[in-house]
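I have placed the structure first, in the form of C-alpha cells, so that the comments after it can refer back to it.
The values are calculated or read from the model by the stated rules, or taken from the named source; none is laboratory data. From a predicted model like this one, the values you see are computed outputs, not experimental measurements. Here Cβ is always computed from backbone atoms with ideal geometry, including for glycine, and neighbour counts include all displayed protein chains.
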Ligand code: HEC
Ligand code: HEC
C-alpha cells in the first residue's frame, strides 16, 4: 500500500479514537438524547411531582423548567 495512504489512515483512526474518548467524557448528564420513560405515564402526568425532588427514587431532572416533558422523553 502507498505510504501516504497508510499515514492518512493512521491519522484518521487516531482522530476517531480521540473523538470517541471525548464523547464518552461528554456523555453523562450533559449532552445527548433524552432517556426514554421507563415507566407507564398513566396517572403520572405530573412528571415534576416525582422528578423535581426525586420522590420514590426518581431521577432528579436538571431541567424542571422545560414544559411538556413527553415531547422529548418518549415512552417505550
Ligand atoms: C410517581 C412518581 C413518578 C412520576 C409522576 C413520573 N415518574 Fe419518571 N420515574 C420515576 C421513577 C421512580 C423512575 C426510576 C425508574 C423506575 O423505577 O421506573 C423514573 C424514571 C424516569 C426516566 C428515566 C430517567 C433516567 O435517568 O434514565 C424518565 C426519562 C422519566 N422517568 C420521565 C418521566 C416523565 C416524562 C414523566 C411525566 C409524563 C414522569 N417520568 C413521571 C417516577 C415517576
Ligand atoms: C427539549 C427536550 C427536553 C424536554 C422538554 C425535557 N427533557 Fe429531560 N432530558 C432531555 C435530554 C436531552 C436529557 C439527557 C441529559 C441532558 O442532556 O440534559 C434529559 C434528561 C432527563 C432526565 C435524566 C436526568 C438528567 O436530568 O440528566 C430526567 C429525569 C428528565 N430529563 C426529566 C424531564 C422532565 C420531568 C421534564 C419535564 C419537566 C423534561 N425532562 C423535559 C431533554 C428534555
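Filtering segment 19-37 for residues that are in contact with a strand residue (DSSP E or B) (Cβ under 8 Å, 6 or more places away or on another chain) and at pLDDT 80 or above leaves a non-empty set. Within segment 47-67, being modelled with pLDDT of 95 or more and in a loop (DSSP other than H, G, I, E, B) holds for 52, 53, 54, 58, 59, 60, 61, 62, 63, 64, 65, 66.
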